[in-house]
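I have placed the structure first, in the form of structure tokens, so that the comments after it can refer back to it.
Laboratory data are not the source of any read-out in this text; all were calculated from the coordinates shown. All figures in this text were calculated on a predicted structure; none of them were measured in a lab. Every residue, glycine as well, gets a Cβ built from its backbone with ideal geometry; the counts of neighbours run over all protein chains shown.
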Amino acid sequence: MQSPLFKLLVSLTLSGAALAQDGPPESYAEAFPDGLDALDTYSGGLNSLRYPRYAKTKWPWGKVPQYCYDDATGDTPDYCDVYHIEVYEIAYSDCASPTYVCRCNNSPMSIDTIARQYGKLPVKARQWNRYVTSYNGSECSAYSVTTDLSFFGNCQGKQSVFFHELTHNLDRWVAGADLDASYSDTSDWADVISQDTCVTDGYAKSSWGEDYAQTGVVAAFDLKVASVNTLDVDCMSNQINKVEDQLSGVLTGTGSCDRAWALSPTVCMGDEAGAACDDLRRDTKERAGTVASSVDVVPVPALSGEILEKVNGRKIEAAKKAGF
Ligand SMILES: *[C@@H]1O[C@H](CO)[C@@H](O)[C@H](O)[C@H]1NC(C)=O
């Protein structure tokens, strides 16, 4: 029989091994040393994907989705003065549930630029995201909070960034029904990487999750644009195969959306909005918009402490890069 001390030592050794690394080895080669921008334009690139027809409706000034309010003001300094948020409802022809875009009025991306690039994300993958926010910034950077995407600066023509961020959402979907985890945090993903000799680039080495999201961009290119066989990516074939096994359904599926995340309540921008939100008491849990019955509306589960920490890390990192 094993003594309790022996068991304790074994578990300490195991957790020590698991904690030794929080991402792919620094020593790994890089298939795309200059990053994945090349996939935006190579052989037509991700930029050449088509977007569905859409209609846009701007909300009257005064009210915003709570999510957008919190996202814009959750860090210091604010990413946007709340009174400067423009809320748009984008009704894509392939989805009965509209997408809500909160655009800060000093964003370098127009609402049509945002709507088109976001629309280039395949519908079955896009339906795993809810809000899109866009802020000013000195350069294009972005983050995902696993159900919502945010962009800083000018990401026009950088479709790879849209795919990268959406893959963070899909990473959480792959992990399972409760969505309280990410697949990339499992030992399975670390094992897959250990069978390869390279990752996409330096950014992929920053964490298991970033490696997964970068591989998602390569998979999207391979499945939607052109085979990656012409690129020198054999050294990461296990990662690509794994992600394609998991995501090819949502990346190549066509037709219309069949699910959506439930929306957050609508709130008043603040006292200065005055009469613009007289009909909306601060404590009202009014929900924005409506969705068709063809769409399964799923409440957003609470983020676990562990995911929340990762999400905040991504957010702060992206904000810093954009000059906040
Ligand atoms: C956007 O941010 C950049 C960089 O910080 C700044 O130079 C520019 O003036 C800002 N643009 C607007 C319209 O606020």
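Report note on the peptides 191-199, 146-154: ranked by the mean count of other C-beta atoms within 10 Å, highest first, their order is 146-154, 191-199. Between 60, 100, 85, the Cα set farthest toward the positive side of the dipole of the range 59-197 (charges on each charged residue's Cβ, about the Cα centre) is that of 60.
As a rough guide to protection, the peptides 223-230, 293-300 ranked by mean Cβ packing within 10 Å, highest first, stand as 223-230, 293-300.
Relative to the longest principal axis of the Cα atoms of the chain, the long axis of helix 237-252 lies at roughly 30 degrees. Structural descriptor for the chain: relative contact order 24 percent, calculated from alpha carbon pairs under 8 angstrom and at least 6 residues apart.
Taking amide hydrogens as placed 1.01 Å from N in the peptide plane, the amide H of residue 86 sits under 5 Å from those of 103, 104, 105, each at least 5 positions away in sequence or on another chain. Using Cα atoms only, what is the angle between the long axis of helix 159-175 and the major principal axis of the chain, expressed in degrees (0 to 90) to the nearest 10? For 159-175 against the chain, the angle is about 70 degrees. With each label modelled as a point 7 angstrom along the Cα→C-beta vector, the residue 272-residue 21 pair spans 5.1 nm.
Counting only alpha carbon atoms, the long axis of helix 208-224 and the longest principal axis of the chain meet at about 80°. Taken along its three principal axes, the alpha carbon spread of the range 91-149 comes to 33, 23, 16 Å, from the longest extent down to the shortest. Under 19 Å from a label point set 7 Å out along the Cα-to-Cβ vector of residue 180, the amide N atoms of the range 232-275 belong to 262. Annotation for residue 262 and residue 308: the two label points, set 7 Å from Cα along the Cα-Cβ direction, are 1.9 nm apart. For the residue pairs 58/320; 58/124; 56/242; 242/321; 124/321, alpha carbon separations beyond 28 Å are given by 58/320; 56/242; 242/321; 124/321. For the range 113-213, the relative contact order comes to 21 percent (Cα pairs under 8 Å, sequence separation of at least 6).
Beta carbons within 10 angstrom, averaged per residue: use that to sort the peptides 131-143, 53-65, 242-254, highest first.
On the way: 131-143: 22.2, 53-65: 16.2, 242-254: 17.8.
For the peptides 131-143, 53-65, 242-254, the packing ranking is 131-143, 242-254, 53-65.
Taking Cα centre as origin and charging only the Cβ of basic (Lys, Arg, +1) and acidic (Asp, Glu, -1) residues, the dipole magnitude of the range 50-166 rounds to 660 debye. The slack in the chain from residue 61 to residue 194, taken as 0.36 nm per residue of separation less the alpha-carbon distance, amounts to 42.7 nm. Taken about its Cα centre, the chain carries a charge dipole of roughly 860 debye when the Cβ of each Lys and Arg holds +1 and the Cβ of each Asp and Glu holds -1.
Would you mind classifying the range 30-111 by shape? Square roots of the alpha carbon gyration tensor eigenvalues, ordered a ≥ b ≥ c; an a/c under 1.5 is rounded, otherwise it is prolate if a/b is larger than b/c and oblate if not.
Oblate is the answer for the range 30-111, as a/c is 1.5 or above yet b/c matches or exceeds a/b.
I'd like to know which of 73, 183, 29 lies farthest towards the positive end of the charge dipole of the chain, counting +1 on Cβ of Lys and Arg and -1 on Cβ of Asp and Glu. It is 73. For the chain, the Kirkwood hydrodynamic radius comes to 20.7 Å, computed from all pairs of different C-alpha atoms.
Think of it as helices only: each DSSP H run of n ≥ 4 in the chain is worth -39500 (n - 2.57), and spread over all residues that comes to -11000 deg cm²/dmol at 222 nm.
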